[in-house]
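Worksheet: one structure, shown below.
The values are calculated or read from the model by the stated rules, or taken from the named source; none is laboratory data. Since we're looking at a predicted model, the values are computed, not measured. So basically every Cβ, Gly included, is an ideal-geometry build from the backbone, and we count neighbours across all protein chains shown. Surface accessibility is based on the protein's heavy atoms, side chains included, excluding ligands, DNA and RNA. Shrake-Rupley method; radii C 1.70, N 1.55, O 1.52, S 1.80 Å.
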Amino acid sequence: MIIAPPRLKPAGHTATLLLCLAGAAAPAPQAAVAQQTPLAIVGARIVPIRGVELERGTLIVAGGKIVTVGAADAVTVPPDAQRVDAAGKVIMPGLICTHNHVGGIGGADSTAPLQPDVRIYDSLNVLDAGYRRVVAGGLTTVNIMPGSGHLLSGQTVYLKMRKGNTIEDRFIRDREGRVMGGIKMANGTNSIREAPFPGTRAKSAALVRERYIKALEYRDKTARAAGDPEKMPPRDIGLEAMVQALAGTRIVHHHTHRHDDILTVLRLAKEFNFRVVLHHVSEGWKVADEIARAGVPCSVILVDSPGGKLEARDMAFENAGILEKAGVKVAFHTDDWITDSRLFFRMAALGVRGGMSREGALKALTVHGAEMLDLGDRIGTLEPGKDADFIVLSGDPLSVYSKVLETWVEGEKVFDRDDPEDHLHAVGGFGAGNEQVPYFCCFDEASKQ
Amino acid sequence: MRRDKYSAKQSRNPLFAPRANRAGSVPRVQRAVKQSRDRKRAGKGGNEATMEWRNRAATVRERAKAATKRRTDEATKGRVAHRFSGGGLESRANAAGPSHGPTPRPSPPARSRVGCFLIATAAVLIAGHSAGAQVAVRGKTVHTMAGPAIENGVVLIRDGKIAAVGTAAQVQIPADFQVLDAAVVTPGLIDAHSTVGFSGILNIPHDQDQLEHSAPIQPELRAVDAFNAREKLLEWVRGFGVTTVHTGHAPGELVSGQTLIAKTAGETVDRAVIVPSATVAATLGPAAQKSEKGKSPGTRGKMMAMLRAEFIKAQEYLRKQENPDVEKRPERNLSLEALGKVLKRELPLMVTANQAQDIDSALRLAKEFEFKLILDSATESYLLIDEIKASGVPVIVHPTMTRAYGELRNLSFETAAKLRHAGIPIALQSGYEDYVPKTRVVLFEAAIAAGNGLTFDEALATITLDAARILGIDARLGSLEVGKDADLALYDGDPFEYTSHCLGVVINGQVFNQPPR
């Protein structure tokens, strides 16, 4: 991959940058980059998301982590640091997309409505041009999901947009080294189809209930076996994933649009006590208080018009703002290819247009998304100790005229608008679409969103 | 208790009732929410606070209902025009009608974010009544498109036409005129290519009339026979300032049918449509290809062969029609008649083509049969700038944000700028969407182009005057000039900024007020 020098002009001495030598492919990259030269970006307006905005700030990163965030006149840049001037620019955390389909997803197939054994990471092409657009849009972490044509279409995967040639290069691992991801579920019309799929909403819920009960039994039987292989149930990797959901270590990401479908998700989540994030939530504004009372977060999408499917007829720009005011934690998602990852800021801005607070909209692009992926302690804000995932913008994040100039993941620059190849993917042009497959290769149109 | 008791009509806009309706500086819902928040801070229960919000909203709804009833009663007495069922409870008709007595001016607080558009007197009239409406629109900045923007400008509207344009010092507003205020005023936006009114919001067979798949070449399909003037998406795009749409049969068949030009006002096709037959729409490339074995066109070569054959038939048809012996003239053939109009240059052929070879084919065919060509979508047109420029053909560039897949995989946000700066006439469009979103909004597409190489004025021209020129309607639309249709869009800031709002539009002098959108 291209190892480009930093775009920002060095203001002081020019130390050799070793940022790109980070062992991105290692399971625990933060350990491998510890030796890199500290980088100090000075003079930019810093929007840390948590904490006050700094008109002229300094951001110091080292070892793939954020070391210091502070006012430029209050922070001492270490003498060994690479110092770059970013006056007039804006720095904020890398964006987090809680729902994205880039990479030629191929999840569950047409044989069954619930396929928890399917892992989306087995289908992804990391070289897909879509991933170049992802970093061009300032996204540093994405939740890649299978489609919504099933009640349960498989396991999702959270990816860090590190450079890399394999999907493993982008995995995020928890403390036990487990690859992090959620479970994708859906209700409403997308998953209603011919048998063996459900034909109605009640049947949809019944099938889900039945499978969760199986998972409960599997869990209890495993516990009773206490490690005795003779007493263990036959291994079922699908139920294993669902048991993780029941234990709260794997979050259910649930596609849902209509207000009654939203309530059905809340009912099932309460019944089985799984942790859930509501996705799309087009009619969330009709049941905002119910969602708030359930304490369930929402990942919202706003598109340019309502309709296109019956369930999205009442979609509204006001949705995010109404949910926010009701006290619901709100994030946004691109649902790329439904909306282009390069235009993620636009969605937050449309949220503001519809009545959301500016502060809430920026959180909805960053820390709220992080929390919905159980990554709130690692990413989503510019705070010391967090991963050095940040972006450099030419202007205000919510302005149509602003550009993402650079995207950094764990202290490594993964997008530079001045690089010709990166620029091609940022604005498009001949060749920009060469390496990509349609994201929805699934078995029919209904699984599009 | 639950919001689903809202009526179906209201439910489309969750903030329908209170946002725009008040003279105070804070819209009512926002005030209610603020108070609710304050109560929460003061230790009162969240539910209680929310309840209060709902009760307030309910009160506003009841009042609104009563107001509607009043208006209805008055309308039956012939005193007030009936309320257009637009974007919620946006307007309170001046019961006395706009032409009775002096127009109350807005109180200063009302002219903050929400109140820029004069709410209190924004009478909403149906088209039939608009001829009598006398309206003055004041803008801190008025983009006329006929010259430099005017600071503190005034546009005077008489009988549905623009009567005067100038600075506040130059244009006196007669005392009995209804006055609208906005930070930014532009000509009503023109969407140079859309399918709204044909591809409905529900996206079920019931409301999808944009494509007829029974044969690949059907130029006889007239757009007026399928246009739904009450389609919700027309109202939706109007909410962002779009007052004119070029719409009709969608890309997807070799010759999919005709298009028309309509205003986004008027509740019947006859009232809305201004050009019943605008173009014949054709498609080259994968979108028009039949994948089934034995069906044509299955290849690019076959597409062109079929089009050539059809145009040759039309040439023959025209020639035989000239026969002095009536008996020897051919039987009427509506398909060939439509193509004959293309050959006679009475109608342009709008060819949707994305990849370079398809664009080139369209240019070749136009040269061969000497018809007026409009290139549509033209994703890879940046590869053929010299050729397109030499042909003199205008381009209605694909929606800037359309998806970069398939034959559009190499699209560029900068295509509009590249063509425009090469001197090629361009316009922008919302295009055709078969899924979510069911329509794009041309304002937003121009905004992205403005962020990617077009200047503000150039970008605005792609959805106003330049669009009007390409569509041949610039004599009456596209700029704010005396004598042109009184179509205006009002904004509370830079129309291209994501966080600005459209405050409403004027169409043929008729005011469409709305909650800021």
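Of the residues making up the range A:282-309, those losing 20 Å² or more of accessible area when the isolated chain is joined by the remaining protein chains, with a 1.4 Å probe, are A:Trp285, A:Lys286, A:Asp289, A:Glu290, A:Arg293, A:Val303, A:Asp304, A:Ser305, A:Pro306, A:Gly307, A:Gly308, A:Lys309. Considering chain A as a Gaussian network with a 10 Å cut-off on Cα pairs, which listed residue, A:Phe317, A:Phe332, A:Phe272, attains the greatest mean-square fluctuation? Checking each option, the largest mean-square fluctuation is seen for A:Phe272. Among beta bridges from DSSP that stay inside the range A:95-379, the antiparallel ones total about 30%. Each of A:Ser153, A:Val265, A:Pro384 was placed along the dipole of chain A (beta-carbon charges, centred on the mean Cα), and the one lying farthest toward the positive end is A:Val265. Shape class of the range A:307-376 from the alpha-carbon gyration tensor: oblate, with a/c at 1.5 or above and b/c at least as large as a/b.
Using θ = phi - 60° in the Karplus curve 6.51 cos²θ - 1.76 cosθ + 1.60, the 3J(HN,Hα) couplings for the range A:246-251 round to 5, 7, x, 8, 9, 7 Hz; x is entered for Gly and Pro. Residue-wise HN-Hα couplings along the range B:151-161, as the Karplus relation 6.51 cos²θ - 1.76 cosθ + 1.60 with θ = phi - 60° gives them from phi, are 7, 6, x, 9, 10, 9, 10, 10, 6, x, 10 Hz; Gly and Pro carry x. Heavy-atom accessible surface of the range A:95-379, averaged per residue, reaches 30 Å², computed with a 1.4 Å probe. The length gained on full extension between B:Asp434 and B:Arg230, counted as 0.36 nm times the residue separation minus their Cα-Cα distance, comes to 71.5 nm. Can you pull the one-decimal nm distance between simple spin-label points at B:Gln170 and B:Gln321, each 7 Å off the Cα toward Cβ? Reported label-point gap for B:Gln170 and B:Gln321 is 4.6 nm. In the full protein context, the range B:364-463 carries 28 Å² of accessible surface per residue, based on a 1.4 Å probe and ignoring ligands, DNA and RNA. Between amide H atoms placed 1.01 Å from N, distances below 5 Å from B:His193 occur with B:His246, B:Ser430, B:Gly431, all of them 5 or more places distant or on a separate chain. For a straight C-alpha distance cut-off of 15 angstrom, the aspartates and glutamates reachable from B:Lys302 (same-chain residues fewer than eight places away being disregarded) are B:Glu253, B:Glu292, B:Glu310, B:Asp358. Per-residue 3J(HN,Hα) values for the range A:333-343, derived from phi via the Karplus relation 6.51 cos²θ - 1.76 cosθ + 1.60 with θ = phi - 60°, read 9, 7, 6, 2, 9, 4, 10, 7, 4, 5, 10 Hz in sequence order (x marks Gly and Pro). With charges set only on the Cβ (+1 for Lys and Arg, -1 for Asp and Glu), what does the dipole of the range A:95-379 come to about its Cα centre, in debye to the nearest 20? About 320 debye. Between B:Asn333 and B:Gln357, the contour length at 0.36 nm per residue exceeds the alpha carbon distance by 5.5 nm.
Buried accessible surface for the A/B chain pair comes to about 5200 Å², total over both chains, computed with a 1.4 Å probe.
Below 15 angstrom from the Cβ of B:Ala314, what's the summed charge of the other residues (Lys, Arg +1; Asp, Glu -1)?
+1
Around A:Gly431, what is the net charge, scoring Lys/Arg as +1 and Asp/Glu as -1 over all other residues with Cβ under 10 Å from its Cβ? Intermediate values should be presented prior to the final figure.
Values: positive: B:Arg409; negative: A:Glu421, A:Glu435.
Taking every other residue near A:Gly431 into account, the sum is -1.
Within the accessible surface of chain A, defined with a 1.4 Å probe on protein heavy atoms only, the carbon and sulfur portion equals 53 percent.
At a Förster radius of 41 Å, what calculated FRET efficiency corresponds to the Cβ-Cβ distance of A:Arg267 and B:Glu220, to the nearest 0.05? Calculated transfer efficiency: 0.15. How high is the relative contact order of chain A? Use alpha-carbon pairs under 8 Å, at least six apart in sequence, and give a whole percent. Reported relative contact order: 20 percent. Prolate is the label for chain A, because a/c, from the alpha-carbon gyration tensor with a ≥ b ≥ c as root eigenvalues, is 1.5 or above and a/b exceeds b/c.
Applying both filters, DSSP loop and at most 15 other Cβ atoms within 10 Å, to the trypsin sites (Lys or Arg not before Pro) of the range B:168-269 gives B:Arg230. Ranking B:Ile473, B:Leu490, B:Val505 by how far each Cα lies toward the positive end of the dipole of the range B:470-510 (charges on Cβ) leaves B:Ile473 at the top.
Remark: the range B:369-408 carries a charge dipole of roughly 160 debye about the Cα centre, counting +1 on each Lys and Arg Cβ and -1 on each Asp and Glu Cβ.
Would you mind checking A:Lys270/A:Lys325; B:Lys344/B:Lys389; A:Lys309/B:Lys161 for any pair whose Cα atoms are more than 30 angstrom apart?
Over 30 Å Cα-Cα: A:Lys309/B:Lys161.
Between the C-alpha center of the range A:361-385 and that of the range A:221-285 there is a gap of 23 Å.
Where both partners of a DSSP beta bridge lie in the range A:99-231, what percent of those bridges are antiparallel, to the nearest 5?
75
For B:Glu346, neighbours were defined as the other residues whose beta-carbon sits under 12 Å from its Cβ, and their charges (Lys and Arg +1, Asp and Glu -1) total +3. Rounded to the nearest 20 debye, the dipole magnitude of the range A:254-410 is 300 debye, with +1 charges on Lys and Arg beta carbons, -1 on Asp and Glu beta carbons, and the Cα centre as origin. With unit charges on the beta carbon (Lys/Arg positive, Asp/Glu negative), name the residue among A:Ser357, A:Gly106, A:Leu124 whose Cα is farthest towards the positive pole of the charge dipole of the range A:95-379. With unit charges placed on the Cβ atoms, the residue in question is A:Ser357. Contact-buried residues of the range B:395-418, at a threshold of 50 Å² lost accessible area versus the chain by itself: B:Met401, B:Arg403, B:Tyr405, B:Arg409, B:Asn410, B:Phe413 (1.4 Å probe; DNA, RNA and ligands ignored).
Cross-link partners of A:Lys214 among aspartates and glutamates, defined as those whose alpha carbon lies under 19 angstrom from its own and excluding same-chain residues fewer than eight positions apart: A:Asp117, A:Asp236, A:Glu240, A:Glu271.
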